[in-house]
Amino acid sequence: MAPSASEAASKAAAVVAGTSSSAKDFKKESTIARVLGAGSAGIAELAVFHPVDTTAKRLMSNQGKITSASQLNAVVFKEHAHASIPNRFLSLFPGLGYAAAYKVLQRVYKYGGQPFVRDYLAQHHGGSFDRTFGKGNGKAIMHATAGSLIGIGEIVILPLDVLKIKRQTNPEAFRGRGLFKIIKDEGLGLYRGWGWTAARNAPGSFALFGGSAVAKEYFYKLSDYNAATWTQNFVASIAGASASLIVSAPLDVIKTRIQNRNFEEKGSGFKIVSNMARKEGFSSFFKGLTPKLLMTGPKLVFSFWLAQTLIPAFNKVL
């Protein structure tokens, strides 16, 4: 027999009441543990998922409709569409040097940096989160807020992301120029799209860290998130990564299109939004979402899961 609405409400209230984890309580890991754990996650992610990332970026950058397998092949593999299978696979590794630098720095900054912001919020504002949202809720929202703040600051390493995306989707933009020549020529132009990047990262990182915290808080009822097992961290990472990708999808498409243009091509993000809405329809803002959930989603789950597990593990050893 299905429970009545009042019984369901009572059970939900009991679950919330049973979570007494305070935002003021936190377990501080060492800086070395945070750097090693996050860096290891970034390196492992790069080794496994760089080809997947290239595929997703090329699909997001494609402005037409894909109606056949041969067209899909041309979009994904570009000039190597008719090459041998090994050469086609290797063509999915452009910009690996930029990708390595960006991915490792990004993961160290994001996964290793969020705990520092979380510690600050817990120490100085933990009581406010508890009073405003209640215990349990307050702690989860504090983790999400720390993630959002660190996500906005990620624009500092934006130039490496720009170069990585251009190498993946528009290699003609380099025209034989080396890294230092591009930096000299383009200067602050490498920060093109920083506003859209920050706008994407704020809700995306909020959902990533918040979704994970909610799973640990309410599904596993953990007062110490560092005590999560490998399996618990894996499930929490799925919750956070899925929420993050869905929330940030439209802004991610806009950001990618801004960054993959030729260096000399100008035009605001709002012009891109207007053209997409007029020529490609509303669904264009979610281009690449399915492959991102199926392919990039596991990449984010994988790295986030490793970071959440390895940081406490390294902290115990060091």
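So the values come out like this:
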| quantity | calculated |
| --- | --- |
| Distance between modelled label sites at residue 67 and residue 120, nm, 7 Å Cα→Cβ extension | 5.3 nm |
| Per-residue HN-Hα couplings for region 230-246 [Karplus 6.51, -1.76, 1.60; θ = phi - 60°; Hz; x = Gly/Pro] | 4, 5, 5, 5, 5, 5, 4, 5, 4, 4, x, 5, 4, 4, 5, 5, 5 |
| Computed label-point distance, nm, for sites residue 47 and residue 181 using a 7 Å Cα→Cβ extension | 3.4 nm |
| Centroid-to-centroid separation of region 50-92 and region 145-160 [C-alpha atoms, Å] | 29 Å |
| Protection proxy ranking, peptides 308-318, 53-63, average beta carbon neighbours within 10 Å, highest first | 53-63, 308-318 |
| Estimated FRET transfer efficiency (residue 227, residue 277; beta-carbon r; R0 41 Å; 0.05) | 0.30 |
| For residue 134, residues with placed amide H under 5 Å, excluding near neighbours | none |
| Sorted peptide list for 73-85, 122-134, 38-50, 234-246, criterion being average Cβ within 10 angstrom, highest first | 234-246, 38-50, 122-134, 73-85 |
| In nm, spacing of pseudo-spin labels at residue 156 and residue 220 (7 Å Cα→C-beta vector) | 2.9 nm |
| In Hz, Karplus ³J(HN,Hα) per residue of region 39-49 (6.51, -1.76, 1.60; θ = phi - 60°; x = Gly, Pro) | x, 4, 5, x, 5, 5, 4, 4, 4, 8, 10 |
| Cross-link table 28/292; 27/110; 78/271, entries beyond 22 Å C-alpha to C-alpha | 28/292; 78/271 |
| Per-pair calculated FRET efficiency, R0 = 51 Å: residue 294 and residue 28 via Cβ, rounded to 0.05 | 0.90 |
| Whole-angstrom gap from region 283-307 to region 214-247, using each part's C-alpha centre | 17 Å |
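FYI, it's all coordinate maths here, none of it is from the lab. Small disclaimer: the values here were computed from a predicted structure and weren't measured. FYI the Cβ positions are ideal-geometry reconstructions off the backbone, even for glycines, and counts take in every protein chain you see.
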